[in-house]
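The values are calculated or read from the model by the stated rules, or taken from the named source; none is laboratory data. Bear in mind the structure is a predicted one, so any value in this text is a computation, not a measurement. Note: ideal-geometry Cβ built from the backbone for every residue, glycine included; neighbour counts use all protein chains shown. Each accessible area value is taken on the protein alone, full model and side chains, heavy atoms only, with ligands, DNA and RNA left out. Shrake-Rupley method; radii C 1.70, N 1.55, O 1.52, S 1.80 Å.
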Amino acid sequence: MQSITLYFLRVSKKSVMKIGFFSYFDPVMLHKFYRTVILGLLILIYAVIRPEAQSFQEKPVNTGPQDPPFLHEGAGWADSLMSRMNLEERIAQMIMVYGYSNMGELHEKAVLKQVKRQKVGGILFFQGEPLEQARLTNLYQEAAQIPLLVAIDGENGLGMRLENTISYPTTMILGAISDRHLIYRLGVEMGEQFRRLGVHMNLAPVADINNNPANPVIGSRSYGADRNNVASKVVAMLEGMQDQRVLVAAKHFPGHGDTDTDSHRTLPVIAHDRARLDSIELFPFRQAIYRGLTGIMVAHLQVPELDPRENRATTLSRPTITGVLKEDLGFKGLIITDALNMKGLSSHFEPGIREVEAVKAGNDILLMPADVDQAIAAIKKAVRQGEIFQEQIDSSCRKILQAKYWTGAYRKEAIQMEDLLEDLNDPAYQVLYRDLAEHSLVLALNNNDVLPLAALEATTLATVTISRDGSINGSRITDKYLEGDHFTLASEADFDALDQLIRKLDRYNTLIVNVLNTSRRASRKYGISDKTLYFLNQIDPDTKLIVNVAGVPYALGRFSAIKHLDALILSHEESSLYQELVLQAIFGGASFSGRLPVSAGSFLPAGTGWDTGPASRLGYASPLEVGLHPDTLLKMDAIIQEAIRQKAMPGCQVLVARSGKVVWHRSYGHHTYGRRRPVQENDIYDLASITKIASVTAALMRLRDQGLFHEDSLLGNYPP
């Protein structure tokens with residue numbers, strides 16, 4: 001027996017794919033399967049590759065307000081409808097009720113009544129299941145005299161509300177990403193999924209600047225504490241969704257970030273002066289308006305600088321909505337209230353009164369009034385008494401109808417139920433998810449450029465995974481780069497256990513500590529115990545200490561007192577994807593490029609982060625993540641299994657890498673036909689004798705791409 005390698009290479013303008021094929025081969029059988037295996041793999045290499053997601057197109061920066069795109073379409077359709085609508089019907093178009101797809105028949109009938117009898121203009125869906133939501137949407141749309149505007153509060157995608165759908169990273173994780181093109185792509189993908197489910201409006205993105213770490217309602221829902229970072233992400237997200245003709249509602253105007261109270265329970269007070277509001281809170285909204293923002297949601301806040309009346313929420317404040325938002329900022333899109341049944345509002349204004357005040361303030365869409373009939377009657381009465389001008393009702397109604405035209409809602413097309421779940425969960429969407437996760441990783445400290453790790457031949461590695469009970473084992477992907485020893489530790493382990501582990505670690509020169517099971521709450525020390533900090537401070541100063549924290553950015557402030565810390569990483573989540581990516585990045589198989597979206601106390605300011613540049617070693621990914629369809633590799637797998645069955649070879653090992661990522665690494669069969677020793681991934685092969693075959697095969701494939709060689713021709717044609 002002899003060891004040989006067949007090494008194929010395809011080169012194109014955009015990609016290189018390598019297939020390393022290591023096997024013990026019977027030379028006598030080679031001629032029987034040479035054409036089957038070689039040509040089969042050649043065909044597979046040329047298999048269909050999924051196209052890249054829609055590319056980001058940088059739009060020119062505007063220096064003033066830009067009209068939302070829906071204002072330039074559907075005016076004739078809107079006017080035609082309005083000519084047949086009475087005052088009550090026009091008011092009803094301004095009302096959006098809530099809907100659930102998991103509350104049963106009684107709820108379904110109640111919503112159907114609001115659609116048929118009260119003729120409400122829209123529905124905001126909350127929790128449920130996508131197939132049932134699609135059924136209900138079709139039912140409600142069929143019953144509606146005028147097409148409904150269907151909305152969802154999906155800041156991080158459909159998965160935020162619906163089972164069996166994709167939930168993308170939290171907004172603050174997205175805030176750590178430096179490449180805004182990825183945020184635009186996310187907006188596009190979310191828009192595709194919304195449209196597939198018949199959703200016309202997303203109550204997002206969050207434009208609040210979370211400059212108060214104690215904020216109980218915004219927190220990780222914000223892109224961060226830096227106004228430019230927040231504005232950039234808001235604009236990229238809205239442009240992605242609006243390019244799919246999905247309306248958005250940037251929220252929560254005029255800015256809900258600097259408060260430590262929850263408007264769901266009380267009325268928060270924002271006590272800043274106008275100069276501060278213009279500089280910070282209003283900044284992201286202004287930038288979004290300059291880029292054609294289609295909608296804004298107004299928060300239940302008390303801002304004395306804008307409206308000094310006691311307990312006057314911004315939602316009901318004409319100086320705030322008409323004065324600041326419409327006149328000062330020049331916004332012409334849809335203005336939607338936050339839910340009118342929230343305590344921040346309902347504690348101070350009765351049903352009917354709050355809806356009248358919301359219209360007087362300048363809102364176009366009244367979200368979830370407590371009593372629809374009472375709201376319509378109260379607004380109609382206010383119009384009849386001259387308290388509200390009918391022109392204002394007509395203006396709001398016309399905007400809403402034009403928005404319905406722009407989204408395509410006016411066509412009242414039924415949602416196609418066939419393949420709905422499959423479409424919403426297309427595996428291609430996972431490609432962007434992985435990109436978002438990798439680009440969000442933050443290398444907050446990198447003393448002496450310790451990362452990515454170099455000189456692995458001189459490295460002795462240990463990993464310690466710290467969790468609440470010490471039972472969670474961290475990812476072992478480090479063993480693909482360097483075999484090490486792995487330990488676990490409870491965050492509240494007693495000092496004897498801590499000291500015992502510290503002594504064991506003395507014989508390693510590199511230590512990776514993974515801190516899991518963290519908390520979002522400062523009152524809980526972000527889940528970083530004092531004993532964990534004690535443990536880290538006892539590590540030998542000569543040991544390279546790398547700490548990886550799966551938590552919120554604020555948690556990094558807990559490590560400011562560690563005396564000897566070579567690298568500090570924020571990996572956000574303890575899911576396998578984030579943890580495998582961060583460990584790859586430590587070894588150079590992935591990259592660090594993220595920035596802290598908020599400050600970690602005085603220790604690390606917002607914007608902190610090291611770039612490690614392009615990957616310096618092979619990383620690991622799924623085939624789709626590098627543009628390779630999995631079916632290609634499954635066909636290759638079948639060819640190999642057949643070759644072993646026919647005894648063309650006793651076994652082999654196959655590694656497929658593309659764009660610097662290993663996407664397939666499997667072992668097949670045995671070392672010999674005696675079937676005594678299975679092939680394993682850590683087998684070592686002598687490749688010295690097969691370099692001629694490997695290099696010639698690669699060269700011939702390249703020549704075939706150029707049309708200079710064909711495998712069915714005679715060798716005598718090619719000696720020159």
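Based on DSSP, what percent of beta bridges with both residues in the chain are antiparallel, to the nearest 5?
40
At 0.36 nm per residue, and after removing the present C-alpha to C-alpha distance, how many nm does the segment from GLN430 to VAL696 gain when stretched out fully?
In short, 92.1 nm is gained.
Would you tally the net charge around GLU305, using a Cβ to Cβ cut-off of less than 10 Å, leaving GLU305 out, and scoring K and R as +1, D and E as -1?
Cβ neighbours under 10 Å give a net charge of 0.
Report the Cα centroid-to-centroid distance between the range 227-250 and the range 581-649 in angstrom, as an integer.
With the range 227-250 and the range 581-649 each reduced to a Cα centre, they are spaced 28 Å.
What is the sum of charges around LEU334, taking Lys and Arg as +1, Asp and Glu as -1, for the other residues whose C-beta is under 10 Å from the C-beta of LEU334?
Overall, the nearby charge balance is +1.
Show that you can apply the helix-only estimate: for the chain, add -39,500 (n - 2.57) for every DSSP H stretch of four or more residues, divide by all residues, and state [θ] at 222 nm to the nearest 500.
Mean residue ellipticity, 222 nm, calculated: -10000 deg cm²/dmol.
Among VAL188, ALA370, THR315, whose Cα projects farthest towards the positive end of the dipole of the chain, with charges put on the beta-carbon of Lys, Arg (+1) and Asp, Glu (-1)?
VAL188
Projected onto the charge dipole of the chain (+1 at Lys/Arg Cβ, -1 at Asp/Glu Cβ, origin at the Cα centre), which of GLN244, LEU461, GLY527 gives the Cα projection farthest towards the positive end?
GLN244
Hey, any idea what % of the chain's accessible area is carbon plus sulfur with a 1.4 Å probe?
50
Per residue, how many Å² of accessible area does the chain show with a 1.4 Å probe?
42
Mind ranking THR691, THR165, THR63 by accessible surface for me, highest first, 1.4 Å probe?
The ordering from most to least exposed comes out as THR63, THR691, THR165.
Magnitude of the Cβ-charge dipole of the range 449-519, K/R +1 and D/E -1, about the Cα centre, nearest 20 debye?
Taking the Cα centre of the range 449-519 as origin, the dipole is about 160 debye.
For the ranges 381-392, 625-636, 664-675, 239-250, what's the packing order if you count other beta-carbon atoms within 10 Å of each residue, average per peptide, and put the highest first?
Most protected by this proxy first, the peptides run 239-250, 625-636, 664-675, 381-392.
Of LYS233/LYS332; LYS480/LYS531; LYS360/LYS404; LYS343/LYS412, which ones are farther than 27 Å apart at the Cα?
From the list (LYS233/LYS332; LYS480/LYS531; LYS360/LYS404; LYS343/LYS412), the Cα-Cα distance tops 27 Å for LYS480/LYS531; LYS343/LYS412.
Indicate the gyration tensor shape class of the range 399-526 (rounded, prolate or oblate), computed on the Cα atoms with a ≥ b ≥ c the square roots of the eigenvalues: a/c under 1.5 is rounded; otherwise a/b larger than b/c is prolate and the rest oblate.
prolate
Stretched out fully, how many nm does the piece from LYS381 to ASP499 gain, at 0.36 nm a residue minus the Cα gap?
34.9 nm
How about LYS647: which lysines have a C-alpha closer than 20 Å to its C-alpha, ignoring those fewer than 8 places off in the same chain?
LYS32, LYS635
Just want to confirm a number: the relative contact order over the range 131-219, from Cα pairs under 8 angstrom separated by 6+ residues, in percent.
This gives 34 percent for the range 131-219.
Please give the peptides 494-505, 530-541, 280-291 ranked by average Cβ packing (other Cβ atoms within 10 Å per residue), highest first, as a rough proxy for protection.
Final packing ranking: 280-291, 530-541, 494-505.
If you average the sequence gap of Cα pairs under 8 Å that are 6 or more apart and divide by the length of the chain, what percent do you get for the contact order?
Relative contact order of the chain: 16 percent.
Does the range 303-359 come out rounded, prolate or oblate, given a ≥ b ≥ c as the square roots of the eigenvalues of its C-alpha gyration tensor, rounded meaning a/c under 1.5 and, failing that, prolate meaning a/b above b/c?
Here the range 303-359 falls in the oblate category.
Report the antiparallel proportion of the DSSP beta bridges in the range 446-568 as a percent, rounded to a multiple of 5.
Restricted to the range 446-568, the bridges split so that about 5 percent are antiparallel.
Along the Cα→Cβ direction, 7 angstrom out, place labels at GLU132 and ASP394. What is the inter-label distance in nm?
Distance between the two pseudo-spin positions: 4.4 nm.
At ASP530 and GLU142, where each label point lies 7 Å from the Cα along Cα→Cβ, what is the point-to-point distance in nanometres?
Here the answer is 6.6 nm between the modelled labels.
Could you tell me whether the range 175-330 comes out rounded, prolate or oblate from its Cα gyration tensor? Rule is a ≥ b ≥ c as square roots of the eigenvalues, rounded for a/c under 1.5, then prolate if a/b exceeds b/c, otherwise oblate.
The shape class here is prolate.
Using Cα centres only, tell me the gap between the range 367-398 and the range 134-179 in whole Å.
28
Tell me, in nm to one decimal, what length is gained between PHE603 and GLU422 on full extension, where the rule is 0.36 nm per residue of separation less the Cα-Cα distance?
Extending this stretch completely gives an extra 60.6 nm.
How big is D, in µm² s⁻¹, for the chain by Stokes-Einstein at 37 °C and 0.692 mPa s if Rh is the Kirkwood radius over C-alpha pairs?
114
Using the basic label-point model (7 angstrom from Cα toward the beta carbon), what is the GLU305 to ASP542 distance in nanometres?
My value for the distance between the label points is 5.7 nm.
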